[in-house]
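The values are calculated or read from the model by the stated rules, or taken from the named source; none is laboratory data. These figures come from a predicted structure and were not determined experimentally. All Cβ positions, glycine included, derive from the backbone under ideal geometry; neighbour counts span all protein chains shown. Surface areas here come from the heavy atoms of the whole protein model, side chains and all, with no ligands, DNA or RNA. Shrake-Rupley method; radii C 1.70, N 1.55, O 1.52, S 1.80 Å.
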Amino acid sequence: MVVANLRQAGRALAIGALSLRKLGAKLQPGIRFVCYHDVLPGETASLEAQLLLMREQGEFIDLDRAIGLMEARSVLDRPLFTVTFDDGLATTCGEAWPVFERLGIPLSIFIITSLVGQPGYMSWDDIAAMAKSPLVTFGSHTVNHRNLMSLSADEVRLELTQSKAEIEAALNRRCDHFCCPWGRPDRDFRSDRDPQIAMEVGYRSFLTTQRGLTRTGDKLPLVKRDVIHMHSSRAELRHFLF
């Protein structure tokens, strides 16, 4: 525990020092895809503060528009932010969604279809209610949240195809976006296989957790994302997002 705390403190100090280099610097044009997971009761103020800080730096756009800009290789002339939530946790509906609705900020949610309705996860009724909002987009996070790297090509295809079909049947709309569990290239998915399978079964995007700014010319379906937590400091946001 002591060693872990020391490592965490050291990481925070390093990030704080690195973030100072960006003070006063002009933000680079491009898209930052932000990845959240859980927002616990009592953390909504932190979420709102982070979103407002992003809004000060750039413009929020929804996932469909962001992927459309990438598909068209549009010139990106300002900072853009696209917010995503993984797993389909109940707190995304109960805690996070009201904040996004009040601020008018779009969000995308990637659900694990086998866990819908299980304790701690959204129900299909929750998902259907959220899907009525023009701010909300739903995508697939597989059926069973398995590590794609450990699966055969046929197993990967089944996870992607079945989850897509379940979401489309439940919502009566296309499911165009896929988010890889854990999302680290060549650790959690095969970069030479799995994005291609995603395109073959009808997805427009394959979201990862590889950090970085998306610029004009970045090739789909791979999408970089920066994982952010409710306890992430302003310095950490400045380091990773600004």
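In the set 111, 61, 105, which member is of a type in the set (A, V, I, L, M), touching a residue at least 40 places away in the same chain (Cβ under 8 Å) and over 18 Å from residue 39 (Cβ atoms)? Walk me through how you get there before you give the answer.
On the way: 111 fails: over 18 Å from residue 39 (Cβ atoms); 105 fails: over 18 Å from residue 39 (Cβ atoms).
Only one candidate qualifies: 61.
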From (1) surrounded by 16 or more Cβ atoms within 10 Å (Cβ to Cβ); (2) in a loop (DSSP other than H, G, I, E, B); (3) more than 18 Å from the chain's Cα centre (by Cα), pick out the condition that doesn't hold for residue 143. (3)
Subset tally (residues that are open to solvent by less than 50 Å² (accessible area, probe 1.4 Å), within 28 Å of residue 125 (Cα to Cα) and in a loop (DSSP other than H, G, I, E, B)) for region 153-193: 5
Subset of region 29-51 (residues that are of a type in the set (Gly, Ala, Ser) and either crowded, with 16+ Cβ neighbours inside 10 Å or within 16 Å of residue 85 (Cβ to Cβ) (or both)): 30, 46
Does region 233-242 contain at least one residue that is open to solvent by 20 Å² or more (accessible area, probe 1.4 Å), in a loop (DSSP other than H, G, I, E, B), hydrophobic (A, V, I, L, M, F, W, C) and at pLDDT below 95? yes
Suppose we filter region 194-208 for residues that are crowded, with 20+ Cβ neighbours inside 10 Å and under 23 Å from residue 150 (Cβ atoms); how many remain? 9
Go through region 201-218 and count every residue that is out of contact with any helix residue (DSSP H, G or I) (no Cβ under 8 Å at 6 or more places or on another chain) and free of Cβ contacts under 8 Å to residues at least 60 places away in the same chain. 3
For the subset of region 52-77 comprising residues that are surrounded by fewer than 13 Cβ atoms within 10 Å (Cβ to Cβ) and among the hydrophobic types (A, V, I, L, M, F, W, C), which member is nearest to residue 235 (Cα to Cα)? 52
Output the helices (runs of 4 or more DSSP H) that fall wholly within region 33-116 and possess 3 or more residues being in contact with a helix residue (DSSP H, G or I) (Cβ under 7 Å, 6 or more places away or on another chain), or say none. 44-57, 97-103
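On the given criteria, is residue 115 touching a Pro at 6+ places or on another chain (Cβ under 7 Å) and open to solvent by 30 Å² or more (accessible area, probe 1.4 Å)?
No; evaluated as a whole, the condition is false for this residue.
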